[in-house]
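K.L.:
Below is a structure I'd like to ask you about.
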Amino acid sequence: CLDETGSVPENSVFIQVKHDNGSFKPIEGKVMVTKHPVMHPGDMRMLEAVNIPGLKNMKDIIIFSRHGSRPEADKMSGSDLDGDLFAVTWDERLFLR
C-alpha cells in the first residue's frame, strides 16, 4: 500500500512481518522488492526498509513511500497497488550485484 502518512522516505519501504517466534518486527536495512511474478529484470528494486514507529500497527504488509516523482511500485511493470503481489527479500546473498 502507499504511505498515506508521508512518513516513509523516498526510496524506502516499511515492512513488518511475523517472525518464527510469532512476534511482529519491522525489517530494517537493504531489501530487494519486486512485483510477483517478475515480468522484467528491471522490476527488481533495491530499497531501504525503515522502522517507522507510527506504522507499528500495520502487520504483514509492505508500505511504499509516496515521495518522489514516481512511486516505486509504478516502476515495477506499472503496478498500481490494486491487489498486486510483491516479493521481498532481505537475505543479502540473493541481492543483485
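K.L.:
Is it the case that the stretch 32-44 has a residue that's at pLDDT below 90, under 16 Å from THR89 (Cα atoms) and among the basic types (Lys, Arg)?
P.N.:
Within the stretch 32-44, one or more residues are at pLDDT below 90, under 16 Å from THR89 (Cα atoms) and among the basic types (Lys, Arg).
K.L.:
Does the stretch 45-55 hold any residues that are out of contact with any Asp or Glu (no Cβ under 9 Å at 6 or more places or on another chain) and more than 14 Å from THR89 (Cβ to Cβ), and which are they?
P.N.:
If the condition is that a residue be out of contact with any Asp or Glu (no Cβ under 9 Å at 6 or more places or on another chain) and more than 14 Å from THR89 (Cβ to Cβ), then PRO53, GLY54 are the ones that fit.
K.L.:
If you check every pair at least six apart or on different chains, which have Cβ atoms under 7 Å apart with a residue in the stretch 75-94 that is surrounded by 13 or more Cβ atoms within 10 Å (Cβ to Cβ) first and a residue that is among the aliphatic types (A, V, I, L, M) and part of a helix (DSSP H, G or I) second?
P.N.:
Cβ pairs passing all conditions: SER79/ALA73; LEU81/ALA73.
K.L.:
Of the numbered conditions (1) under 21 Å from PHE95 (Cβ atoms); (2) at pLDDT below 95; (3) out of contact with any Pro (no Cβ under 7 Å at 6 or more places or on another chain); (4) open to solvent by less than 40 Å² (accessible area, probe 1.4 Å), GLY29 fails exactly one; give the number of that condition.
P.N.:
Result: GLY29 fails condition (2) only.
K.L.:
Additional query: Please specify each residue of the stretch 7-20 satisfying the condition of being in a loop (DSSP other than H, G, I, E, B) and either at pLDDT 95 or above or touching a Ser or Thr at 6+ places or on another chain (Cβ under 8 Å) (or both).
P.N.:
SER7, VAL8, PRO9, GLU10, ASN11
K.L.:
Still on this model: Using the structure shown, decide if ARG70 is open to solvent by 30 Å² or more (accessible area, probe 1.4 Å), in contact (Cβ under 8 Å) with a residue 40 or more places away in the chain and among the charged types (D, E, K, R).
P.N.:
Here the answer is no, as ARG70 does not meet what is asked.
K.L.:
Hey, another quick one. Please go through the stretch 1-26 and give me each residue that is within 10 Å of the chain's Cα centre (by Cα), hydroxyl-bearing (Ser, Thr, Tyr) and open to solvent by 70 Å² or more (accessible area, probe 1.4 Å), ordered by number.
P.N.:
Within the stretch 1-26, none qualify.
K.L.:
Related question: If you go through the stretch 36-62, how many residues are in a strand (DSSP E or B) and open to solvent by less than 70 Å² (accessible area, probe 1.4 Å)?
P.N.:
The number of residues fulfilling the criteria is 6.
The values are calculated or read from the model by the stated rules, or taken from the named source; none is laboratory data. Just so it is clear, the structure is predicted and the values come from calculations on it, not from any experiment. Note: ideal-geometry Cβ built from the backbone for every residue, glycine included; neighbour counts use all protein chains shown. What goes into the accessible areas is simple: the full protein's heavy atoms, side chains included, and nothing from ligands, DNA or RNA. Shrake-Rupley method; radii C 1.70, N 1.55, O 1.52, S 1.80 Å.
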